[in-house]
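Report on the following structure.
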Amino acid sequence: MSTDLFDLSGKIAFVSGASRGIGEAIARLLARQGAHVIVSSRKLEGCQAVAEAIVAEGGQATAIACHIGELEQIQATFETIKERFGRLDVLVNNAATNPQFCHVLDTDVSAFQKTVDVNIRGYFFMSVEAGKLMRTHGGGSIINVASINGVTPGAFQGIYSVTKAAVINMTKVFAKECAPLGIRCNALLPGLTDTKFASALVSNEKILSHALTHIPLGRVAAPDEMAGAVLYLASAASSYTTGTALNVDGGYLS
């Protein structure tokens, strides 16, 4: 049920990487608060399953496949959004990749390029296209799902950590230049979360044990715990947090 404080009724929200994990949790919560959610990821089948589940719960959702590592697909996706909805109020850049888990000296150039293409270039041009639509309709909210790795690099996650640090600064760039247009830009910095994406870390007892010593709560987070922070940032109530990076492990980075 929607609440007045976080009511998104009539809003159009796009969530990338929404076929599972953190993205799915975000999409479902935004829909429960009244938004029409565009559920997106690389494969349409997974998006449709989440969209159908949202509709079955009484919400509104549309499935659109988009690989944000491909600029042509980003452009085609926003043409579709313009045609079907005519506007976009919320963009959640959540889709990401981390194809190689290794010592930084062993980084493969193809893995490097893929990670940069999705995590930096993809986020950047998704934000550009969304920002253009938001500018036309008086504003909106862009939320980048970064990572605590962008502040404290994760072991054997070199290029991934580099790209997430770039996402944090990218958020500040968009926040500074887009605030006068009524566009709020914020970043979420999840810690270790129990998703398929992080399964290599969560399922490795040695790595997990080491990671937990650096997490204040001493446990792995659940995807649903990330969704509430995104709802807050997406709502009008978060208008004063423009340019903030919200660290779900505790504290704020301005």
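The numbers here are math on the coordinates, done by the rules we state, and not lab data. Note that the structure is predicted; figures quoted are calculated from it, not measured. All Cβ positions, glycine included, derive from the backbone under ideal geometry; neighbour counts span all protein chains shown.
Values computed for the structure shown
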{"item": "Whether region 83-147 is rounded, prolate or oblate, judged on the alpha carbon gyration tensor where a/c under 1.5 counts as rounded", "result": "prolate"}
{"item": "Cut-off under 5 Å, modelled amide H: who pairs with Ala187 long-range", "result": "Asn144, Thr244, Ala245, Leu246"}
{"item": "3J(HN,Hα) from dihedral phi, region 64-74, Karplus parametrisation 6.51/-1.76/1.60, rounded to Hz, x for glycine, proline", "result": "9, 7, 7, 8, 6, x, 10, 4, 4, 6, 4"}
{"item": "Simple label model, 7 Å out from Cα along Cβ direction - Glu83 to Ser110, nm", "result": "3.4"}
{"item": "Estimated FRET transfer efficiency when R0 is 30 angstrom, pair Asp7-Gln75 (beta carbons, to 0.05)", "result": "0.40"}
{"item": "Residues with amide H under 5 Å from that of Thr97, placed H, sequence gap 5 or more", "result": "Asn119"}
